[in-house]
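Everything below concerns the one structure shown next.
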Amino acid sequence: MKLLEGVEIIEIPKVEDVRGNLAVIEKDVVPFDIKRVYYLYDVPSNAYRGGHAHKKLIQVLIPLSGSFDVVLDDGQDRTKITLNKPNKGLLIPTGIWRELENFSSGAVCLVLASDVFEEADYLRDYNSFTAYKNQ
């Protein structure tokens with residue numbers, strides 16, 4: 001699997017125990033200060049989320065439960081990554097188009113964001129995204 005420039009799989013430290021595992025996200029795990037946390041759940045398997053890019057915002061997606069695919073596009077190359085391990089996060093830098101699809105039953109996607117919601121930061125139209133990338 002080829003990752004686009006700046007996209008990384010982040011290993012989230014875990015403490016294994018017979019009573020259940022514990023994953024820990026602290027300051028040194030995510031390469032930005034977390035200013036917003038939200039999660040997607042009850043997404044129908046035939047639906048998709050995302051369909052946008054950000055000008056400034058950086059995100060980490062973590063599959064807390066189940067699995068889903070993330071289609072990433074930098075304006076030239078596209079790749080698809082399946083997330084299905086709650087101790088692995090996907091770091092998505094600025095300027096990367098993302099679409100989330102193929103959600104399994106019960107899937108939960110946790111999102112850690114570098115800033116609060118700001119509509120002006122979104123590129124919601126693919127043609128606007130490619131024009132932005134080619135400036």
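Based on the Cα coordinates of the chain, what is the per residue volume of their convex hull in Å³?
116 Å³
Between exposed GluC sites (Glu not before Pro) in the chain, where DSSP calls loop and at most 16 other Cβ atoms lie within 10 Å, what's the longest gap?
So the longest stretch without any such site is 27-117.
Which lysines, if any, have their Cα less than 26 Å from the Cα of Lys55, not counting same-chain residues under 8 positions apart?
Candidates past the 8-residue exclusion: Lys2, Lys27, Lys35, Lys80, Lys88, Lys133.
Given the options Leu110, Leu22, Leu100, state which has the largest fluctuation in a GNM of the chain using a 10 Å cut-off (strictly under) for Cα springs.
Residue with maximal mean-square fluctuation among Leu110, Leu22, Leu100: Leu22.
Go ahead and estimate [θ] at 222 nm for the chain from helices alone: -39,500 (n - 2.57) per DSSP H run with n ≥ 4, summed, over the residue count, rounded to 500.
Helix contribution divided over all residues of the chain: -1500 deg cm²/dmol.
To the nearest 0.05, how large is the calculated FRET efficiency for Val15 and Glu119 if R₀ is 30 Å and r is the Cβ-Cβ distance?
Computed FRET efficiency for Val15 and Glu119 comes out at 0.20.
Quick note: the coordinates plus some simple rules give every number you see, no bench work behind them. Small disclaimer: the values here were computed from a predicted structure and weren't measured. Glycine also receives a Cβ, built like all others from the backbone with ideal geometry; neighbour counts cover every protein chain displayed.
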